[in-house]
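The structure appears right after this line, and notes come after that.
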């Protein structure tokens, strides 16, 4: 098991980055997907498409912040924007008007 060299961490950004360093850049990505999953489950009362749309929007906003901090790649953040676009098209195609 690797130990953390705490002398190289000089600011708050370093504390956040050390989690990604120890897990091969997957810690904050997995955390973002767990938040997305919890949001989907908590909003299922509004219907499945609405819960996916709301959870994807929330995860996208958090993902943008994590991306600008350098903790998550743009590809994972774009994944949530893709879900937003898919659900919007789904809602348009299934509208009664």
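We did not get these values from a lab; they are worked out from the coordinates using the rules stated. It should be emphasised that the depicted structure is a prediction, and the values quoted were computed from it without experimental measurement. Using ideal geometry, Cβ is built from the backbone for each residue, glycine included, and neighbour counts are taken over all protein chains shown.
The per residue volume of the convex hull around the alpha-carbon atoms of the chain is 102 Å³.
Taking the longest Cα principal axis of the chain as reference, the axis of helix 27-42 is set at about 30 degrees. The value given for the stretch 18-62 is a Kirkwood hydrodynamic radius of 11.1 Å, derived from the mean inverse Cα-Cα separation. Specify the angular offset, from 0 to 90 degrees and rounded to the nearest 10, of the alpha carbon long axis of helix 48-68 from the longest principal axis of the alpha carbons in the chain. Rounded to the nearest ten degrees, it is 30.
Fully extending the segment from residue 81 to residue 5, taken as 0.36 nm per residue of separation minus the present Cα-Cα distance, adds 23.7 nm.
Helices in the chain, meaning DSSP H runs of at least 4 residues, each add -39500 (n - 2.57). Divided by all residues, the mean residue ellipticity at 222 nm is -24000 deg cm²/dmol. Model label points for residue 95 and residue 64, set 7 angstrom from Cα along the Cα-to-Cβ axis, are 2.3 nm apart.
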